Amino acid sequence: MRSRRATVLCAVLLSTLMAAPAALAAQITGTLRHSAGDGLEGATVSFSSGVAPVETAADGTYRAAVPPLALQTPITVTPRLAGYTFEPASRQVVVSDGDVVANFTARGAAQPQAISCAVTTTSIAPATAVPGQVDVPLLRVSCAASGGSVKITGLTAIDGGTIAGSKVSLKVVGAAGTLTGTPAYNTSTKTWTVTFPSPVTIASGSSTVFYLLQSYGTGTAGQTAKLYLQKLAVPSGTMVTGNVPYMSGTVSIVAPPTLTVTSTNLAPATTNAGTADVPMLKLSCAATNGSVNISGLVIADLGTITADKVSLKVVGSGGTLSSSPTYNSSTKTWTVTLPKVITVPSGGSTMFYLFESVGPSTGGKTIQLSAKQVVATAPAVVSGTFPQNSSVTSINLPPVPTLTTTATSLAPSSATPGQVDVPMLRLSCAATNGTVKITGLVVQDLGSITADRVSLKVTGTAGTLTGSPAYNTATKTWTVTFPSAVSVAAGASTVFYLLESVGTGTTGKTIKLAANAVKVTSPAVSSGSFPLSSGLTTIGSAPAATLTVTATNLAAATATAGTVDVPMLKLSCAASGGSVTITGLVLQDTGSIASGKVTLKVQGSAGVITGTPAYNATTKTWTVTFPTAVTVASGAATMLYLFETPATGTAGSTLRLAANAVKVTAAAVTSGSFPFVSATTTVR
């Protein structure tokens, strides 16, 4: 009795809550009483005009909310309870904006009413299913409660098909979702015993529905499936009635839709680095036994290129399908999810084309693809000899930038002792397959003059490039490193001139040069018929005119930063054997002041003759060309004074100057113990 009272109270409360949004003030209330005056519990009170039915409470009262649309409308109120009649049998009321009372008197002896669950089943089994198909619906079970609420805690179902128990499974779904849990299967009786995670309660006068579904394993083609509902698990005292036996129709398991995949290799033997969309593999996909939906591919990368240098593209009949495939660096696989499922009808086919793009700097590597899987949605199956591989494509090494050098001899048949810049060899350097950077030369001395009496000079379009080449006395070679690399663009060329200067006392000797190598930066290579040699030049008699140079140090021990024209060196130049024309000087800055913080001045008997000296920051040398040549008559002499000016902010540095050469015209030679070096002056 207490259980029924709780059920009625819950029903009244639920009815009240459901009606709350309409208006709590608009209600129909009343009491159902025995003729003796006691309240009648558990009777159902029904209403017309859309008012929800309610049950009476333990004291026989009821309360029903009236929705706004039923206001001002006649409403028929009818009570019912098995074994009773009511006076009156019904009442008609009109509800405005307050409570309306409708009371009834019950007549008759109250007989205990049995609680029952009426079961109605409907087969929803399809005629066929396929191996691997999941959640195939077989039976719909409807359960209606009367005489009180019914609690269903589970069910027992019999497997009436021919599929082995290990290849078939059961699932029960109700209004609240899946109720199966893990059903126990008895292989002897071929029954499933299903215990619901929580009981399903059906209120008296209400019903619920269960759906029984099966899933089939692979290899079940040719078998059948059928299902019987043997019983529902309900409490003692609850009767279950219905259309026994509760059985589904028979499902025949037939061969599934099949997608047969074959491949054609499209991979070329070679391709170049940086090539996009290299064709690798064609996949042909044919459907039988039904249409097949393809949702994606799994492709393995079998090449040697790193993942950041290679990408995949998939093209179908509708265009590019790759989207942004996910790459797994551990397994070297791309998982391709198609932007839209592709449906292949039974008897039809579709094609996929797989391409790879390779990045730069991949020469010497390989690419190769493997189709590991074509993903089809259930129940279809995919057939084919997987993996299906393309052949290997080798990435060509890129063409190497090449510098081809040819030479033209410029060497005269003779020169004189002391002659400066005798032209010996012209090198023409042409670049192909890319830009080439030239960093220097290796030049061999093939003449008979000793190393201290001969020097090398290299000039190009930008001027002198020699610097101070290193001379190897054992191999008689100069290694020339250019102050800055000379770039030659592909298809262009540049020219270098090699000159030699010979000292005094070289009459009867010879000079000759050979270019052993033109040095270039990697990856470029240098090509040519090396060594490239000049002709032979013989040194004739010494010229008549000679300029003899001596020096006097003028440098003080200290000087102040910012002082202008600090005297450093005096050069005395005496001519003999004829007049000598002086054209300039080569002076070296051997102090510690930075090149931009010190300047040079040369003064002769006629005044300042410095001009604008060219400064080589690499060798720290000034090449001074006089604005007007200074001529010294035979037997006469001239003086040249050398000054330096340290800039402000140079305190702590030093000044020091060396005269490396006094330049004269070709008819004369210079004589002296070059270089002449001043003392060191400390800047304060």
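The values are calculated or read from the model by the stated rules, or taken from the named source; none is laboratory data. Keep in mind it's a predicted model, so treat the numbers as computed, not measured. Here the Cβ positions follow ideal geometry from the backbone for every residue, glycine too, while neighbour counts run over all protein chains shown. Remember, those area values only see protein heavy atoms, side chains included, never the ligands or the DNA or RNA. Shrake-Rupley method; radii C 1.70, N 1.55, O 1.52, S 1.80 Å.
At-a-glance table
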quantity	calculated
Subset of Lys601/Lys663; Lys509/Lys620; Lys570/Lys620; Lys457/Lys570 violating a 26 Å alpha-carbon distance limit	Lys509/Lys620; Lys457/Lys570
Cα long-axis angle, helix 2-19 against the chain (0 to 90 degrees, to the nearest 10)	60
With all protein chains modelled, accessible area of Ser329 [1.4 Å, Å²]	90
Solvent accessible area, Å² - Lys332, 1.4 Å probe, full protein context	60
Selected from Val677, Val94, Ala176, residue furthest toward positive end of dipole (the chain; charges at beta carbon)	Val677
Mean Cβ neighbour count within 10 Å, used as a protection proxy, ranking 297-307, 422-432 highest first	422-432, 297-307
Burial order of peptide ranges 81-88, 391-398 (average beta-carbon count within 10 Å, highest first)	391-398, 81-88
Approximate spin-label separation Thr479-Thr153, in nm, with each point projected 7 Å along Cα-to-Cβ	9.8
Assigned charges on the beta-carbon of Lys, Arg, Asp, Glu; the chain dipole about Cα centre (debye)	640
Fully extended contour minus Cα-Cα distance, from Ser413 to Thr377, at 0.36 nm per residue	3.9 nm
Estimated FRET transfer efficiency when R0 is 51 angstrom, pair Ser673-Leu397 (beta carbons, to 0.05)	0.35
Reachable lysines from Lys167, criterion Cα separation under 19 angstrom, eight or more residues apart if same chain	Lys190, Lys226
Label-zone membership for the range 442-460, site Ser493, 7 angstrom Cα→C-beta point, backbone N under 17 Å	460
³J(HN,Hα) computed for each position of the range 373-384 - Karplus, 6.51 cos²θ - 1.76 cosθ + 1.60, integer Hz, glycine/proline x	7, 10, 8, 10, 6, 4, x, 5, 10, 10, 10, x
Unit charges at the beta carbon, dipole of the chain: most positive-side option, Thr218, Leu312, Ala64	Thr218
Residue-span extension gain [Ser324 to Thr189] - 0.36 nm each, minus C-alpha spacing	43.3 nm
Cβ-based charge dipole, the chain, positive-most Cα from Val608, Gly161, Val45	Gly161
Within the range 446-490: backbone nitrogen closer than 20 Å to the Ala617 label point (7 Å, Cα to C-beta)	460-469, 481-487
Expected 222 nm ellipticity per residue - DSSP helices of 4 or more, -39500 (n - 2.57), all of the chain, to 500	-1000 deg cm²/dmol
For the range 553-684, size of Cβ-based charge dipole, Lys and Arg +1, Asp and Glu -1, in debye	120
Spacing of the two label points (7 Å from each Cα toward its C-beta) at Ser295 and Thr335, in nm	1.2
Portion, in percent, of the accessible area of the chain that falls on carbon or sulfur, probe 1.4 Å	54
Estimated inter-spin distance, Ser527 and Ser357, nm [label 7 Å along Cα→Cβ]	3.3
Net length gained if the chain between Ser284 and Thr504 were fully extended (0.36 nm per residue, minus Cα distance)	70.4 nm
Heavy-atom accessible area per residue - the chain, 1.4 Å, Å²	46
Inter-part distance where the range 298-352 and the range 479-521 are each reduced to a Cα centre, Å	58
Calculated FRET value between Thr560 and Thr406, using beta carbons and R₀ = 45 Å, to 0.05	0.20
Cβ-Cβ FRET estimate between Thr306 and Ala164, R0 fixed at 45 Å, reported to 0.05	0.35
With all protein chains modelled, accessible area of Arg140 [1.4 Å, Å²]	80
Interchain or long-range residues, amide H under 5 Å from Leu369's placed H	Leu302, Ser390
